[in-house]
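To keep things clear, I will list the structure first and then write my remarks on it.
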């Protein structure tokens, strides 16, 4: 069984690795609700 410190380090690293590819989306204004990417509604010029 792993110690609490080992588990915390593993969890932090796991989060860092799995979330890295989402940074560009968030910077460009993407929205997430409950972990799901919400598509933007297209606005057409009148």
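The values are calculated or read from the model by the stated rules, or taken from the named source; none is laboratory data. Predicted model only: the values in this text are computed from it and were never measured. All Cβ positions, glycine included, derive from the backbone under ideal geometry; neighbour counts span all protein chains shown.
Observations, loosely collected:
- Here residue 6 passes the criteria (1) modelled with pLDDT of 80 or more; (2) under 21 Å from the mean Cα position of the chain (by Cα); (3) surrounded by 10 or more Cβ atoms within 10 Å (Cβ to Cβ) except the one numbered (2).
- Residues located in region 9-38, provided they are at pLDDT 85 or above and either outside any helix (DSSP H, G or I) or at positive phi (or both): 28, 29, 30, 31, 32, 33, 34, 36, 37, 38
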